[in-house]
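Each remark here refers to the structure printed beneath this line.
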Amino acid sequence: MNPNDDPITIRWTRSAGSPLTGTITVPGHNGHAYGATYDWAFTMIPERKLTSMAAVAWAPGSSNGTANYNPVWVTADTATTIYVKYDGNITSGPHQSPCGAYYDVSYSLTALQSQLI
């Protein structure tokens, strides 16, 4: 949803399919659906606000542990490695990242690859 009076232009890129790039213009006070629509209940973070480290609040899956109704998705704009620490304590753990923080699992991502955590 574009909350502005003026239209905004969104430049998009994806890693597979055709076309690979394009633009979408969203009129003021309007929305636009691209592809399948899901209620993710979270706004994507603009690239200018991304950092090298992020924390996500606790999001329970299901009361009996059999489902993950609140997953975290990450996407990198360039090839990189994502380090995940499930309990948030980066001062101890089974593995240590190049920056010295401890982590539980890592994922090597290609540009624009999505990873469910």
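Remarks
- Search result, residues across segment 62-94 that are assigned to a strand (DSSP E or B) and either β-branched (Val, Ile, Thr) or surrounded by 13 or more Cβ atoms within 10 Å (Cβ to Cβ) (or both): VAL74, THR75, THR80, THR81, ILE82, TYR83, VAL84
- Count of residues meeting criterion [free of Cβ contacts under 8 Å to residues at least 40 places away in the same chain, closer than 20 Å to ALA57 by Cβ and not charged (D, E, K, R)] in segment 82-101: 9
- Annotation note: Cβ proximity below 9 Å between a residue of segment 16-34 that is closer than 18 Å to SER114 by Cα and a residue that is among the hydrophobic types (A, V, I, L, M, F, W, C) and open to solvent by less than 90 Å² (accessible area, probe 1.4 Å) (sequence gap 6+ or interchain) occurs for ALA16/LEU112; THR21/TRP12; TYR34/ILE10; TYR34/TRP12; TYR34/ILE24.
- For segment 24-49, the candidate set comprises residues that are assigned to a loop (DSSP other than H, G, I, E, B), modelled with pLDDT of 80 or more and open to solvent by 70 Å² or more (accessible area, probe 1.4 Å); within that set, the residue that is farthest from ARG14 (Cα to Cα) is HIS29.
- Segment 6-18, subset assigned to a loop (DSSP other than H, G, I, E, B) and either modelled with pLDDT of 85 or more or open to solvent by 70 Å² or more (accessible area, probe 1.4 Å) (or both), residue farthest from THR80 (Cα to Cα): ASP6
The values are calculated or read from the model by the stated rules, or taken from the named source; none is laboratory data. As the structure is a prediction and not an experimental result, all values here were calculated from the model. Positions of Cβ are generated from backbone atoms using ideal geometry, with glycine treated the same way; all protein chains shown enter the neighbour counts. Remember, those area values only see protein heavy atoms, side chains included, never the ligands or the DNA or RNA. Shrake-Rupley method; radii C 1.70, N 1.55, O 1.52, S 1.80 Å.
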